[in-house]
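Report on the structure given below.
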Amino acid sequence: MTAGEERTPEDRQKARDDLLAYAFRALSGRALTETELRARLLKRTDDETLAAEVLARVQELGYQSDEGVARAEGHRRGVGGFRVRQTLKRRGVGEGLIEETLATRDPEEEQADAVTILERRWPSFARRRDPRATAYAFLARRGFPGAVIWTAIREVSAAHPEEGGGEDEPEPEF
């Protein structure tokens with residue numbers, strides 16, 4: 001017998017209501033993917049059928065949607081496409097939805113984000129021995145692709161030649 005069969009109908013309904021209340025509390029703190037919510041529900045109950053039932057009900061009511069999570073992550077400012085992909089994959093979003101999310105990202109907006117972030121951080125990078133390498137590593141950790149990074153570095157360093165930015169250093173080739 002499974003845990004669901006051992007309970008009386010009243011006990012099962014109470015367990016369902018309690019688990020549903022927990023799901024709503026969990027979703028009130030942050031948008032969760034289906035994978036994340038399922039894992040949390042299964043920590044609360046050993047009845048997989050009950051957890052699946054609660055998950056289906058929450059989705060039916062529109063409180064959980066992987067598409068919504070992916071859309072929010074895709075529009076996140078200050079991170080590049082590689083970071084978006086990595087985050088969505090880690091959170092259990094399907095590859096098709098990840099590709100769809102990345103396809104909707106605007107490359108010009110991503111470039112502008114990289115420049116904005118670098119503008120803000122350039123004074124501290126300029127004090128380093130190799131500000132371009134530091135800037136590259138910083139933006140790479142944020143998930144920006146190399147072409148976006150080098151364009152941002154050229155733009156920002158040219159705007160701040162007095163802060164160690166001039167064009168006298170050649171761009172490394174990878």
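The values are calculated or read from the model by the stated rules, or taken from the named source; none is laboratory data. Note that this is a predicted model, so its numbers are computed, not measured. Positions of Cβ are backbone-derived with ideal geometry, glycine not excepted, and every protein chain shown enters the neighbour counts. Keep in mind that these areas ignore ligands, DNA and RNA; they rest on the heavy atoms of the full protein, side chains included. Shrake-Rupley method; radii C 1.70, N 1.55, O 1.52, S 1.80 Å.
Note on the range 27-84: enclosed helices (runs of 4 or more DSSP H) holding 1 or more residues that are in contact (Cβ under 8 Å) with a residue 40 or more places away in the chain and either buried (at least 19 other Cβ atoms within 10 Å of the Cβ) or among the charged types (D, E, K, R) (or both) are 34-44, 48-60. Taking PRO172 as the residue in question, decide whether it is in contact with a helix residue (DSSP H, G or I) (Cβ under 9 Å, 6 or more places away or on another chain), part of a helix (DSSP H, G or I) and at pLDDT below 95. No. Scan the range 85-107 for residues that are at pLDDT 95 or above and part of a helix (DSSP H, G or I) and the total you get is 15.
Is it true that GLU99 is more than 30 Å from ARG16 (Cα to Cα), of a type in the set (Asp, Glu) and open to solvent by 20 Å² or more (accessible area, probe 1.4 Å)? Here the answer is yes, as GLU99 does meet what is asked.
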